[in-house]
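Beneath this line is the structure, given in structure tokens, with notes to follow.
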Amino acid sequence: NAGVTQTPKFQVLKTGQSMTLQCAQDMNHNSMYWYRQDPGMGLRLIYYSASEGTTDKGEVPNGYNVSRLNKREFSLRLESAAPSQTSVYFCASSKDRPEAFFGQGTRLTVV
Amino acid sequence: QQQVKQSPQSLIVQKGGISIINCAYENTAFDYFPWYQQFPGKGPALLIAIRPDVSEKKEGRFTISFNKSAKQFSLHIMDSQPGDSATYFCAASIRGGSNYKLTFGKGTLLTVNP
């Protein structure tokens, strides 16, 4: 039982490049989330998806897009990466309960 | 504005001591208060959680104390061990339909010296 799996684990982008962060969960959870973690800032919600086919903005959505491909997968896309998007990105999921399970994170550096 | 305020930013405790981390919230609609533990290079993991109808919850060496009138809650780690050294996040959640959005504090880096 893998839980929440994120790929890639590390990525370096040049300013202006695009990329997609992948997330998959095998716990049959309905809700999925993308957070970013910056030093001294805690975790901030970027986007979330309450169910397949629905997505909503969180606290810091600017510069990001998401796709809830199916119940298992929730991807985060950076269309034109900026240095301010250098961060550690976490995907999480939950099933009709407030307990969220997190992946191992993707460490992204934009130069 | 920051809806969940956490203190201290860092904490150093001797082995066997008590670690105390405090959080305060503003939104009275929050109805679930979890604590997450994060080790370097790992994702946060749920440690313990409490609902506002309970004033205290204990699981092993970890206890949450909750003061609804003061809108404050705290994590106490008894008999702190070096293996407890990690970053701790308090959080608060509001249910919206079938979805729960967590608002996190900024975290406390706990170091337990042997």
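Each row is one residue, and each column tells you yes or no for (1) within 23 Å of A:S93 (Cβ to Cβ); (2) of a type outside the set (F, W, Y); (3) at pLDDT 95 or above.
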| residue | (1), (2), (3) |
| --- | --- |
| B:I18 | no, yes, yes |
| B:I21 | no, yes, yes |
| B:E26 | no, yes, no |
| B:Y36 | yes, no, yes |
| B:G43 | yes, yes, yes |
| B:A49 | yes, yes, no |
| B:D53 | no, yes, no |
Open item on the list: Here are the criteria: (1) closer than 21 Å to B:Y36 by Cα; (2) at the interface with another protein chain (Cβ under 10 Å from one of its Cβ atoms); (3) touching a residue at least 12 places away in the same chain (Cβ under 8 Å). Tell me which single one A:G40 does not satisfy.
Closed with: (3)
Task: Count - residues of region A:70-103 that are within 14 Å of chain B (Cβ to nearest Cβ), part of a loop (DSSP other than H, G, I, E, B) and under 21 Å from A:V60 (Cβ atoms) - done: 3
Task: Considering residues of region B:73-114 that are at the interface with chain A (Cβ under 8 Å from one of its Cβ atoms) and outside any strand (DSSP E or B) only, the residue nearest to B:E26 (Cα to Cα) - done: B:G105
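Please verify whether B:Y100 is in contact with a Ser or Thr (Cβ under 7 Å, 6 or more places away or on another chain) and either at pLDDT 95 or above or among the β-branched types (V, I, T) (or both), treating the condition exactly as stated.
For B:Y100, the condition - in contact with a Ser or Thr (Cβ under 7 Å, 6 or more places away or on another chain) and either at pLDDT 95 or above or among the β-branched types (V, I, T) (or both) - is not met.
When you check A:A81 against the structure, is it modelled with pLDDT under 95 and over 27 Å from B:P8 (Cβ atoms), yes or no?
On the way: modelled with pLDDT under 95: no; over 27 Å from B:P8 (Cβ atoms): yes.
Against the criterion (modelled with pLDDT under 95 and over 27 Å from B:P8 (Cβ atoms)), A:A81 does not qualify.
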TODO: Output yes when any residue across region A:6-18 is more than 12 Å from the chain's Cα centre (by Cα) and among the aliphatic types (A, V, I, L, M), and no when none is.
DONE: yes
- [ ] Would you check if there is a residue in region A:47-65 being assigned to a strand (DSSP E or B), modelled with pLDDT of 95 or more and more than 29 Å from B:P52 (Cβ to Cβ)?
- [x] yes
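Which residue out of A:K9, A:K14 is within 12 Å of chain B (Cβ to nearest Cβ), farther than 19 Å from B:L46 by Cα, loosely packed, with under 15 Cβ neighbours inside 10 Å and among the charged types (D, E, K, R)? Give the derivation first.
Numbers: A:K14 fails: within 12 Å of chain B (Cβ to nearest Cβ).
Of the residues listed, the single one that is within 12 Å of chain B (Cβ to nearest Cβ), farther than 19 Å from B:L46 by Cα, loosely packed, with under 15 Cβ neighbours inside 10 Å and among the charged types (D, E, K, R) is A:K9.
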Open item on the list: From the list A:S31, A:S87, A:S75, exactly one residue is of a type in the set (S, T, N, Q) and at pLDDT below 95. Which is it?
Closed with: A:S31
TODO: Take the residues in region A:43-64 that are more than 14 Å from chain B (Cβ to nearest Cβ) and touching a residue at least 12 places away in the same chain (Cβ under 8 Å), then tell me which one is farthest from the chain's Cα centre (by Cα).
DONE: A:G63
- [ ] Please verify whether region B:62-72 includes one or more residues that are surrounded by fewer than 20 Cβ atoms within 10 Å (Cβ to Cβ), within 9 Å of chain A (Cβ to nearest Cβ) and not in a strand (DSSP E or B).
- [x] no
TODO: Identify, by number, the condition in (1) within 14 Å of chain B (Cβ to nearest Cβ); (2) under 17 Å from A:A24 (Cβ atoms); (3) surrounded by fewer than 18 Cβ atoms within 10 Å (Cβ to Cβ) that A:S67 doesn't meet.
DONE: (1)
Open item on the list: If I filter region B:36-54 for residues that are more than 14 Å from chain A (Cβ to nearest Cβ), over 11 Å from the mean Cα position of the chain (by Cα) and more than 30 Å from A:Y47 (Cβ to Cβ), do I get at least one hit?
Closed with: yes
- [ ] Pairs only if they're at least six apart or on different chains, beta carbon under 7 angstrom, first in region B:3-23 and within 11 Å of B:L110 (Cα to Cα) and in contact (Cβ under 8 Å) with a residue 12 or more places away in the chain, second small (G, A, S) and in a strand (DSSP E or B); list them, first residue then second.
- [x] B:L11/B:S19; B:V13/B:S19; B:I20/B:S74; B:I21/B:S74
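The values are calculated or read from the model by the stated rules, or taken from the named source; none is laboratory data. Quick caveat: nothing in here was measured; it's all calculated off a predicted structure. Positions of Cβ are generated from backbone atoms using ideal geometry, with glycine treated the same way; all protein chains shown enter the neighbour counts.
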